[in-house]
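The values are calculated or read from the model by the stated rules, or taken from the named source; none is laboratory data. This structure is a prediction, so every number in the text was calculated from the model and none was measured. Cβ atoms come from the backbone with ideal geometry, glycine included; neighbour counts cover every protein chain shown.
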Amino acid sequence: MRTSKYLGITIVFYSIASISMLNLACNETSEVTTEIVSLETDMIIDGNVDLEHFFTPVDLAVDSEGKIFILDFQRMTILVFSEEGDFMYEFGGQGGGPGEFGGLYLNFDLDNSGLVYTIDNQNIIKVFSNDGHYRSSITTNAGQIFDIAALNTSRIYINSFPWGPALLNSSSVPAVTLIDDSGSVIREVGILETDSENIGVRKMLFSCAIDTDEDNSVYYTSLSDYQVYKYDSTGAFVWSVEGPSSLSAYSEMHAEGGNALYPVVWDLDVNQNQVFVLWAQDGDDRGYRVDVFDADDAAFNGYFYTQTPSDEKNMSIEIDGNDFYTLDYDFGMVYKYSMNLP
């Protein structure tokens, strides 16, 4: 399962546009001084090679057959490549039709059957079959959906933050909301709080990357302060853990106009009973690191680096068995590695 988104991003660093909490105690990680995973390059998909199907990737997902789905929010398309990296088809596009997007957002997901769940115009979920044919739309009462993790068409987790005056007047929002295929709320999970007056930072404080596991537990991590949480399929709290980061998220005006939002956490993915968290570091440790936690007890198992150049925007990860995928937004590249876990 995904993504996140994310993650990701998986709010992920978006200079491209203005995007305008027991086990009764929280765990803390203890630093591990050696990397626990080695990555071997299997494949690179270059989004600049085929001008008819070029892409600027912000998120990706892999289905049960190994097909790679890549979200290009600039062209508002989902591109699909084979397990070997060959282009197969794309769908979506900008427009007002049922299978088109007025504003394709930055995260998407596949459920266990391979259906594709996208975010359009802030609060509409558009569902496509695995081959790209439009199936349905779900209109929600959410302000702005940031990330999505779908179990099936009637159980969809979303992370959303308020919009308009509600964004300015809210001091806390649910971290994750479970909705059905009509957009109705089944339950709310967790809480995100902020007292920031900066609207860009408030969005980030209200945003998190989310994913689910095979038991339908849901995991989320705040983009702003690196706290990871797990709730079971009934919505009961299981554990929380604080990641090993002293960084703070922030927002600044970008040269091209609009806000550039810099998160601490970029994405989260759950696979093989482990939780993988992609986050950014600075200083002497500059680079994109993936921390690995045990999904049962939140034990910190170690870390590794994505191997993408550290000054490029490495916004999303996807783990599928022993395959590790990540992307480079700046240069339009998707990377697939063999992941050797201990």
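Going through region 312-342 one residue at a time, which ones are part of a strand (DSSP E or B), more than 18 Å from the chain's Cα centre (by Cα) and among the hydrophobic types (A, V, I, L, M, F, W, C)? Within region 312-342, MET339 is the sole residue that qualifies. With respect to the stated conditions, TYR305 is modelled with pLDDT under 90 and either surrounded by 15 or more Cβ atoms within 10 Å (Cβ to Cβ) or farther than 24 Å from GLY85 by Cα (or both).
Among the residues making up region 321-340, those that are among the hydrophobic types (A, V, I, L, M, F, W, C) and either loosely packed, with under 15 Cβ neighbours inside 10 Å or closer than 14 Å to ILE44 by Cβ (or both) are PHE324, LEU327, PHE331, MET333, VAL334. I'd like the residue in region 135-194 that is within 20 Å of ASP269 (Cα to Cα) and in contact with a Lys or Arg (Cβ under 6 Å, 6 or more places away or on another chain) and, out of all such residues, is surrounded by the fewest Cβ atoms within 10 Å (Cβ to Cβ). My answer is LEU178. Every test in (1) of a type in the set (Val, Ile, Thr); (2) surrounded by 14 or more Cβ atoms within 10 Å (Cβ to Cβ); (3) over 18 Å from TYR157 (Cβ atoms); (4) out of contact with any Pro (no Cβ under 8 Å at 6 or more places or on another chain) is passed by ILE125 save one, and that test is (3).
Could we say that ILE199 is among the hydrophobic types (A, V, I, L, M, F, W, C) and modelled with pLDDT of 95 or more here?
Numbers: among the hydrophobic types (A, V, I, L, M, F, W, C): yes; modelled with pLDDT of 95 or more: no.
So ILE199 does not fit the description; no.
Determine if region 234-241 includes at least one residue that is closer than 20 Å to SER160 by Cβ, modelled with pLDDT of 95 or more, part of a loop (DSSP other than H, G, I, E, B) and not charged (D, E, K, R). Scanning region 234-241, I find at least one residue that is closer than 20 Å to SER160 by Cβ, modelled with pLDDT of 95 or more, part of a loop (DSSP other than H, G, I, E, B) and not charged (D, E, K, R), so the answer is yes.
So in region 195-208, with the set limited to residues that are in contact with a Phe, Trp or Tyr (Cβ under 6 Å, 6 or more places away or on another chain) and over 24 Å from VAL116 (Cα atoms), which one is surrounded by the most Cβ atoms within 10 Å (Cβ to Cβ)?
Filtering region 195-208 for residues in contact with a Phe, Trp or Tyr (Cβ under 6 Å, 6 or more places away or on another chain) gives 203, 206-208.
If we keep only those that are over 24 Å from VAL116 (Cα atoms) too, we end up with 203, 206.
On the way: LYS203: 26, PHE206: 28.
Checking each candidate, the answer is PHE206.
Remark: pairs (first residue in region 80-107, among the β-branched types (Val, Ile, Thr); second residue in a loop (DSSP other than H, G, I, E, B); Cβ separation under 8 Å; 6+ apart in sequence or on different chains) = VAL80/LYS67; VAL80/GLY132.
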